[in-house]
Amino acid sequence: MFIKKKVVKNMQIELEKVKETVLSLSEKERALIARVLIKSLEEPSNRDYETEWEMEIEKRAQEIMEEKEKGKDADEVIKEAYSRLK
């Protein structure tokens with residue numbers, strides 16, 4: 001519990017330093033930072049998706065290398081896709 005409180009306290013100190021630094025900037029610089037921060041809150045994070053896809057790709061590649069899975073021919077996959085659209 002002590003360690004957690006210490007980490008939180010350190011984070012609060014760092015946040016105060018960041019706030020002081022940002023508030024010391026010009027109005028134009030603060031506006032730019034504000035836009036960047038607001039945009040980061042409005043857009044979903046792609047990092048989560050990228051990480052999940054990287055893990056999935058790694059898993060599939062490993063399965064193919066270990067011959068647990070066989071890949072399909074691209075022409076076969078395209079034919080299947082077209083047949084599902086009909």
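Summary table
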quantity: Breaking point among (1) part of a helix (DSSP H, G or I); (2) touching a helix residue (DSSP H, G or I) at 6+ places or on another chain (Cβ under 6 Å), for Glu69; calculated: (1)
quantity: Filter result (in a helix (DSSP H, G or I) and loosely packed, with under 10 Cβ neighbours inside 10 Å) within region 41-53; calculated: Leu41, Glu42, Asn46, Arg47, Asp48
quantity: Test: residue in region 6-28 that is at pLDDT 85 or above and of a type in the set (Gly, Ala, Ser); calculated: yes
quantity: From Glu56, Glu63, residue being touching an Asp or Glu at 6+ places or on another chain (Cβ under 9 Å), surrounded by 10 or more Cβ atoms within 10 Å (Cβ to Cβ) and not polar (S, T, N, Q); calculated: Glu63
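The values are calculated or read from the model by the stated rules, or taken from the named source; none is laboratory data. Note that the structure is a prediction, hence the values are computed from the model and not measured. Note that each Cβ is placed from the backbone with ideal geometry, even for glycine, and that neighbours are counted across all protein chains shown.
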